[in-house]
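Comments concern the structure below.
The values are calculated or read from the model by the stated rules, or taken from the named source; none is laboratory data. Values in this document were obtained by computation on a predicted structure and should not be read as measured data. Heads up, the Cβs are rebuilt from the backbone with ideal geometry, glycines too, and the neighbour counts pull from every protein chain shown. Note: accessible area is taken over every heavy atom of the protein model, side chains too, but ligands, DNA and RNA are not part of it. Shrake-Rupley method; radii C 1.70, N 1.55, O 1.52, S 1.80 Å.
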Amino acid sequence: MHGNCKAIYHKLSGQRNVYLDRARAFASVTIPSILLEEGHTESTRIHTPYSSVAAVGVQNLASKLQMALFPPNQSFFKMDVDRFTLMELTGGDPTKRAEVDEQLSHIERAVMSEMEKEAMRSPIFEALRHLIVTGNYLLHLGKEGIKGYSIDKYVVTRDPEGSVKQVIIKEDFHIETLPEDVLELTSFSSDDSGGDSKPVSIYTKFYREGKKWKTYQEVEDKMIPGTEGSYPIDEPPFMPLRWTAIAGEHYGRAHVESFYGDIRALEGLSKAIVDAATASARLLVLVNPTGVTHKDQVTSAQNGAVITGNADDVQFMQTQKGADMAVASQQVQRLEMRISQAFLSEQGALRDGERVTAEEVRMRAQQLENTLGGVYSVLSNEMQLPLVRRLMAQMTKAKKLPELPKDVVEPTIVTGLDALGRGHDLNKYMQLLQAMAPLGPEAMGRVNMGDLVKRVGISLGLEMDGLIYSDQEIAQQQAQVQEQQAQQMMMQAGANAMSQPQGQ
């Protein structure tokens, strides 16, 4: 299926332009460096927005998403074994099941260690920033590590169900950076290298063929030898990410798109207020030309000097736009509040008042988190799961992991949407205890504390097997304590009897 990648790329880029133009507009009012204007060079000046509220919101939301999807010192996935296979392996023996879980946990820790070794958090954070602002980003996990591409560097086509059919990446290289065997395929030579030389475009194509992903690279319509490859259908090295998946569309929609009106309005009002404030801060003294006060005397007079003149002849220039600026400032405050809420900023969860309760803050934050449910679902399927599968495939090939049967052992994502549901359960358990506390010991005595502790631990994402004592173990401990107390009482009674004087 080798073909003219350049022609296909330019054809598909026409479908991408509507998304690309909107993405550049979104970046211009948030973080312009995320997606620069077409034709931008190092000497081109980047526009700086007048308001930083949206930029701070993007950084804040990206940080929260990274912590939710890839929490530090905790695995974001769990190796699950088919239930029937597990029963065959363990025979229902809890001890053997614990041994299986322990072995799987070693695999989880090895994968997480490899992820930290490859320093993947930085490109993942950059990917999340792009998704929030532009709605699309491409991650490529190869032998050299993980690499990211913004929406202006690749094209993608999907089937009606949203599954990827093909991806073409365009990369521009300077002549001096190309290997000699690749340079021979171009119309250039090593003598053409220089600071003003035109870059050479290399196209990398991934496409689906049956149960495999195929890939190769082209330069000037010629396939580069040694770049052909294939991958299992469920272990592609590329991940074309979307913020929001829209049925029938090849590209996703950005988080900023839903609030672009507010962000653009805030940018306009912020510019107007800055311009008005600059004009108001300008200090000009007006002297009546027909009055008795001379401007030269006013200009040259020292502080505290006595000059001849009339106070009515001298005035300071004023814009007298204070009332208008107050209206604009009030609207800016409303817009900043709405934008902060949209990006899950802490100040966005608080209303403007002195008596803001902790419960109000908690409920507002929980409502805001609920809006990310769909995003968690998309990123789980298009980022987390493909990332761990590809990483495990690389580690298995490098003999860092044992060969695992795919139809028996599968990774399951346990952060993001799943963590959001567990967080709601935890909040409900805490609310239950707070509501029952005023009712006294009788009400608390009706709670099965052992089961409650186990559920709270599960809500926190902890492995509870062996962590808390069972009812039988607690009964045994209590019996041992009672037996020890009885022995101590007997020993004390014997000591008292021996200390009593004879004959009394």
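Only residues that are part of a helix (DSSP H, G or I), open to solvent by 60 Å² or more (accessible area, probe 1.4 Å) and more than 22 Å from Leu266 (Cα to Cα): list them for the range 307-335, please.
Of everything in the range 307-335, those that are part of a helix (DSSP H, G or I), open to solvent by 60 Å² or more (accessible area, probe 1.4 Å) and more than 22 Å from Leu266 (Cα to Cα) turn out to be Ala311, Asp312.
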Within the range 378-418, considering residues that are outside any helix (DSSP H, G or I) and of a type in the set (S, T, N, Q), the one farthest from the chain's Cα centre (by Cα): Thr412
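Condition first: hydroxyl-bearing (Ser, Thr, Tyr), without any contact (Cβ under 8 Å) to a residue 24 or more places away in the chain, within 30 Å of Val182 (Cβ to Cβ) and open to solvent by 40 Å² or more (accessible area, probe 1.4 Å). Can you find one or more residues in the range 298-306 that meet it? Write out each step before concluding.
The initial filter retains those residues of the range 298-306 that are hydroxyl-bearing (Ser, Thr, Tyr), namely 299-300.
Still in the running and without any contact (Cβ under 8 Å) to a residue 24 or more places away in the chain: 299-300.
With the extra rule that they be within 30 Å of Val182 (Cβ to Cβ), the set shrinks to none.
No, the range 298-306 contains no residue that is hydroxyl-bearing (Ser, Thr, Tyr), without any contact (Cβ under 8 Å) to a residue 24 or more places away in the chain, within 30 Å of Val182 (Cβ to Cβ) and open to solvent by 40 Å² or more (accessible area, probe 1.4 Å).
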Asn381 - would you say it is at pLDDT below 75 and open to solvent by 30 Å² or more (accessible area, probe 1.4 Å)? no
What residue, among those in the range 239-256 that are outside any loop (DSSP other than H, G, I, E, B) and out of contact with any Lys or Arg (no Cβ under 7 Å at 6 or more places or on another chain), is surrounded by the most Cβ atoms within 10 Å (Cβ to Cβ)? Val256
Among the residues of the range 207-238 satisfying the criterion of being surrounded by 14 or more Cβ atoms within 10 Å (Cβ to Cβ), under 32 Å from the mean Cα position of the chain (by Cα) and hydrophobic (A, V, I, L, M, F, W, C), which is nearest to Ile169 (Cα to Cα)? Phe238
Qualifying residue in the range 347-369 (condition: open to solvent by 50 Å² or more (accessible area, probe 1.4 Å), small (Gly, Ala, Ser) and either modelled with pLDDT of 85 or more or touching a strand residue (DSSP E or B) at 6+ places or on another chain (Cβ under 7 Å) (or both)): no
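Residue-by-condition table, conditions (1) surrounded by fewer than 15 Cβ atoms within 10 Å (Cβ to Cβ); (2) hydroxyl-bearing (Ser, Thr, Tyr); (3) closer than 19 Å to Glu257 by Cβ; (4) out of contact with any Ser or Thr (no Cβ under 8 Å at 6 or more places or on another chain):
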| position | (1), (2), (3), (4) |
| --- | --- |
| Lys6 | no, no, no, no |
| Arg22 | no, no, yes, yes |
| Ile46 | yes, no, no, no |
| Tyr50 | no, yes, no, no |
| Val53 | no, no, yes, no |
| Asn60 | no, no, yes, no |
| Pro72 | yes, no, no, yes |
Given (1) over 20 Å from Ser340 (Cα atoms); (2) in a loop (DSSP other than H, G, I, E, B); (3) more than 20 Å from the chain's Cα centre (by Cα), identify the lone condition not met by Asp21. (2)
Would the range 155-173 turn up any residue that is closer than 19 Å to Ser63 by Cα, basic (Lys, Arg) and buried (at least 16 other Cβ atoms within 10 Å of the Cβ)? no
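For every residue, the table says whether it meets (1) in contact with a helix residue (DSSP H, G or I) (Cβ under 8 Å, 6 or more places away or on another chain); (2) among the hydroxyl-bearing types (Ser, Thr, Tyr); (3) modelled with pLDDT of 95 or more.
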| position | (1), (2), (3) |
| --- | --- |
| Arg208 | no, no, no |
| Val219 | yes, no, no |
| Lys222 | no, no, no |
| Thr227 | no, yes, no |
| Ser230 | no, yes, no |
| Ile233 | no, no, no |
| Gly248 | no, no, no |
Matching residues, the range 139-151, being surrounded by fewer than 19 Cβ atoms within 10 Å (Cβ to Cβ) and not in a strand (DSSP E or B): Lys143, Glu144
With (1) closer than 30 Å to Pro72 by Cβ; (2) open to solvent by 50 Å² or more (accessible area, probe 1.4 Å); (3) at pLDDT below 70 as the list, and Ser470 as the residue in question, which single condition is left unmet? (1)
For the range 7-57 the number of residues that are under 22 Å from Ser201 (Cβ atoms) and modelled with pLDDT of 90 or more is 17
Of those in the range 115-133 that are buried (at least 20 other Cβ atoms within 10 Å of the Cβ) and in contact with a Gly (Cβ under 9 Å, 6 or more places away or on another chain), the residue farthest from Pro236 (Cα to Cα) is Ile132
Considering (1) at pLDDT below 75; (2) in a helix (DSSP H, G or I); (3) over 28 Å from Phe77 (Cα atoms), say which one Met490 fails and leave the rest. (1)
Hey, does the range 429-444 have a residue that's at pLDDT 75 or above, polar (S, T, N, Q), in a helix (DSSP H, G or I) and closer than 27 Å to Leu131 by Cβ? no
Pick from Leu35, Leu12, Leu69: which is within 27 Å of Arg264 (Cβ to Cβ) and either more than 21 Å from the chain's Cα centre (by Cα) or not small (Gly, Ala, Ser) (or both)? Leu35
Examine the range 97-115 for a residue that is modelled with pLDDT of 85 or more, within 25 Å of Ile34 (Cβ to Cβ), among the aliphatic types (A, V, I, L, M) and under 22 Å from the mean Cα position of the chain (by Cα), and state whether such a residue exists. yes
